[in-house]
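Beneath this line is the structure, given in structure tokens, with notes to follow.
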Amino acid sequence: MPIDFTAIDFETANSSSASACSVGLVKVRDGVVVDKVGWLIKPPAGHDAFLEWNTRIHGIRADDVVDAFEWHEQFDLIADFAGIDVFVAHNAGFDMGVIKGACAATGVTPPSWAYLCSLQVARKTYALDSYRLPLAAAAAGFTGFSHHDALADAEACAAIVVHAAQVHGADDLRQLADTARVGMKRLTPAAPVAEPGSGPAPAPRRRVVFR
């Protein structure tokens, strides 16, 4: 099997895992980027406050997402782009937590995507003082990107995994995970929750077209 996956990165408006305000997606086929896309997201009510700390990091403000799709409106775009791919993310627990949190807050049921953490892979591949995304990406030969731009970060993440597969002589992600001795995990959807005073959570919604 070739090195196929979808790299994903989210930026959030605040400390809530449901507060995704942008996403970047990069599709890799046989170790080569073949498609990439990113867009802004309007966080759901109750999770939509933009904290100064977060805005200072990624530069996104509440005014920027006024006309953006809300989570439940854009989720199918993420699902359609990823299909049945394994997701790859740097510190994947954060990004998978965003999917779980935002889906739970909006009554959306996500697929149980498999995922691999490029941070863990980098730690088993390079000898660095820090494994933050810019430094790990530089070790993979990917430099000069705009850190905390979701699409740029997803591209950097993809570069790490592709390079690491070459270093470890892995033919697919499963072999990379086994050789680097890192776990490939699976997303476990959280139960939908309602915000206080908002009434019951909407019925679970899912329409996924695999391609």
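The values are calculated or read from the model by the stated rules, or taken from the named source; none is laboratory data. Note that the structure is a prediction, hence the values are computed from the model and not measured. Methodologically, a virtual Cβ is constructed for each residue, glycine included, from the backbone with ideal geometry; neighbour enumeration extends over all protein chains shown.
Can you find a residue that is in a loop (DSSP other than H, G, I, E, B), modelled with pLDDT under 95 and over 16 Å from the mean Cα position of the chain (by Cα) anywhere in segment 2-16? Yes - at least one qualifying residue is present in segment 2-16. May I ask you to list the residues in segment 39-71 that are aromatic (F, W, Y), under 19 Å from I99 (Cβ atoms) and assigned to a helix (DSSP H, G or I)? Hit for segment 39-71 is W71, nothing else.
Of the residues L51, L40, the single one that is in contact (Cβ under 8 Å) with a residue 24 or more places away in the chain and out of contact with any helix residue (DSSP H, G or I) (no Cβ under 7 Å at 6 or more places or on another chain) is L51. Looking only at segment 98-120, decide whether some residue is without any contact (Cβ under 8 Å) to a residue 40 or more places away in the chain and surrounded by fewer than 16 Cβ atoms within 10 Å (Cβ to Cβ). No. Only residues that are over 20 Å from E11 (Cα atoms) and free of Cβ contacts under 8 Å to residues at least 12 places away in the same chain were counted across segment 124-138, and they come to 5. For segment 34-63, give me the residue count where each residue is in contact with a strand residue (DSSP E or B) (Cβ under 6 Å, 6 or more places away or on another chain) and surrounded by fewer than 17 Cβ atoms within 10 Å (Cβ to Cβ). Result for segment 34-63: 3. One residue stands out in segment 64-81 among those that are of a type in the set (D, E) and over 11 Å from A20 (Cβ atoms): the one that is surrounded by the fewest Cβ atoms within 10 Å (Cβ to Cβ), namely D67.
Here D95 meets each of (1) buried (at least 22 other Cβ atoms within 10 Å of the Cβ); (2) among the charged types (D, E, K, R); (3) assigned to a loop (DSSP other than H, G, I, E, B) with one exception, condition (3). Filtering segment 34-61 to residues that are under 17 Å from S17 (Cβ atoms) and of a type in the set (F, W, Y) leaves F50, W53. If you check I84 against the conditions, is it within 19 Å of V37 (Cβ to Cβ) and either at pLDDT below 95 or surrounded by fewer than 17 Cβ atoms within 10 Å (Cβ to Cβ) (or both)? Yes: the conditions hold for I84. Screening the candidates V98, V86, V108, V121 for the property of being within 12 Å of A164 (Cβ to Cβ) and either touching a Cys at 6+ places or on another chain (Cβ under 6 Å) or among the β-branched types (V, I, T) (or both) yields one hit, V121.
Scanning segment 110-135 for residues that are farther than 27 Å from G59 by Cβ and in a strand (DSSP E or B) turns up A114, L116. Residues that are within 17 Å of H47 (Cβ to Cβ) and not in a helix (DSSP H, G or I) within segment 98-109 comprise G107, V108, listed in sequence order. Do we find a residue being at pLDDT 95 or above, closer than 18 Å to T6 by Cα and in a loop (DSSP other than H, G, I, E, B) anywhere in segment 136-145? Within segment 136-145 (the criterion being at pLDDT 95 or above, closer than 18 Å to T6 by Cα and in a loop (DSSP other than H, G, I, E, B)), the answer is yes, since at least one residue qualifies.
Counting only residues that are surrounded by 19 or more Cβ atoms within 10 Å (Cβ to Cβ), closer than 24 Å to T55 by Cα and of a type outside the set (D, E, K, R), segment 137-155 holds 5 of them. Within segment 121-136, if we keep just the residues that are farther than 16 Å from F94 by Cβ and hydroxyl-bearing (S, T, Y), the residue that is surrounded by the most Cβ atoms within 10 Å (Cβ to Cβ) turns out to be T125.
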